[in-house]
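The values are calculated or read from the model by the stated rules, or taken from the named source; none is laboratory data. This one's a predicted model, so the numbers in the text were calculated from it and none came from an experiment. FYI the Cβ positions are ideal-geometry reconstructions off the backbone, even for glycines, and counts take in every protein chain you see. Keep in mind that these areas ignore ligands, DNA and RNA; they rest on the heavy atoms of the full protein, side chains included. Shrake-Rupley method; radii C 1.70, N 1.55, O 1.52, S 1.80 Å.
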Amino acid sequence: MTATVSTTCFHSPIGYLIITGSDKGLHSLTFSDEPVLSDTTGLPAPLAACVQQLSEYFAGSRKVFDLPLAPAGTPFQLQVWAQLQSIPFGKTASYLDVAKGLSAEKAIRAVGAANGKNPLCLLVPCHRVIGSDGSLTGYSGGLWRKKWLLQHEGFLSPQQQLTLF
């Protein structure tokens, strides 16, 4: 029997977050400029917990997410996403650092591609991956959100500027 997939929408300080998942775990968390109509009653436990933990994160009282994740991806993508979860709140890593963490230093481009396909923004903190030169490289939610998140986590001060390219 297939688990029923549910969707809900969370309004964050940097836009709407669309959450999908089932009783088995969260499938995706993505940014949207528009809200998605959703019923917030009877949400599967992982989605309800995600809404609560996102509220805590944006309020500044949560630094680590503790949620069941069930993203779809290739075995390599799943390895990269697991490695991203080891980057602590308030810290960053380069794509090379992530590749080295997988003992796949020569797979830096593949790591970058897997990072770009991460379906669980924030929960799998791809926003914490920056260029080896300290630049804020691409982010599917937009570089302005990446900068906001890194400031929120204390990595960047509001006055600090990083190269955007």
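Which is assigned to a strand (DSSP E or B), of a type in the set (A, V, I, L, M), within 16 Å of the chain's Cα centre (by Cα) and within 23 Å of Arg145 (Cβ to Cβ), of Ile87, Ile19?
Working: Ile87 fails: assigned to a strand (DSSP E or B).
So the residue among Ile87, Ile19 that is assigned to a strand (DSSP E or B), of a type in the set (A, V, I, L, M), within 16 Å of the chain's Cα centre (by Cα) and within 23 Å of Arg145 (Cβ to Cβ) is Ile19.
State all residues of the range 118-152 that are part of a loop (DSSP other than H, G, I, E, B) and at pLDDT below 95; if no residue qualifies, say none.
Applying the first criterion (part of a loop (DSSP other than H, G, I, E, B)) to the range 118-152 yields 118-119, 121-125, 131-142.
Scanning the range 118-152 gives Gly131, Ser132, Asp133, Gly134, Ser135, Leu136, Thr137, Gly138, Tyr139, Ser140, Gly141, Gly142.
Under the condition of being part of a helix (DSSP H, G or I) and out of contact with any strand residue (DSSP E or B) (no Cβ under 9 Å at 6 or more places or on another chain), which residue from the range 90-99 is least open to solvent (accessible area, probe 1.4 Å)? Working first, answer last.
The first filter runs over the range 90-99 and keeps only residues part of a helix (DSSP H, G or I), leaving 95-99.
Cutting the leftovers down to out of contact with any strand residue (DSSP E or B) (no Cβ under 9 Å at 6 or more places or on another chain) gives us 96, 99.
Numbers: Leu96: 50, Ala99: 0 Å².
That would be Ala99.
Based on this model, can you work out whether Leu84 counts as crowded, with 18+ Cβ neighbours inside 10 Å and aliphatic (A, V, I, L, M)?
On the way: crowded, with 18+ Cβ neighbours inside 10 Å: yes; aliphatic (A, V, I, L, M): yes.
Against the criterion (crowded, with 18+ Cβ neighbours inside 10 Å and aliphatic (A, V, I, L, M)), Leu84 qualifies.
Filter the range 100-112 down to the residues that are open to solvent by less than 50 Å² (accessible area, probe 1.4 Å) and not in a helix (DSSP H, G or I) and list them by number.
Once the filter is applied, which keeps residues that are open to solvent by less than 50 Å² (accessible area, probe 1.4 Å) and not in a helix (DSSP H, G or I), the range 100-112 yields Leu102, Ala104.
Please specify each residue of the range 66-78 satisfying the condition of being surrounded by fewer than 19 Cβ atoms within 10 Å (Cβ to Cβ) and outside any loop (DSSP other than H, G, I, E, B).
If the condition is that a residue be surrounded by fewer than 19 Cβ atoms within 10 Å (Cβ to Cβ) and outside any loop (DSSP other than H, G, I, E, B), then Pro75, Phe76, Leu78 are the ones that fit.
Filter the range 24-60 for residues that are open to solvent by 90 Å² or more (accessible area, probe 1.4 Å) and within 21 Å of Val124 (Cβ to Cβ) and give the result.
Residues satisfying the conditions are Lys24, Gln52.
Filter the range 1-23 down to residues that are open to solvent by 30 Å² or more (accessible area, probe 1.4 Å) and among the β-branched types (Val, Ile, Thr), then give me how many there are.
Within the range 1-23, residues that are open to solvent by 30 Å² or more (accessible area, probe 1.4 Å) and among the β-branched types (Val, Ile, Thr) number 4.
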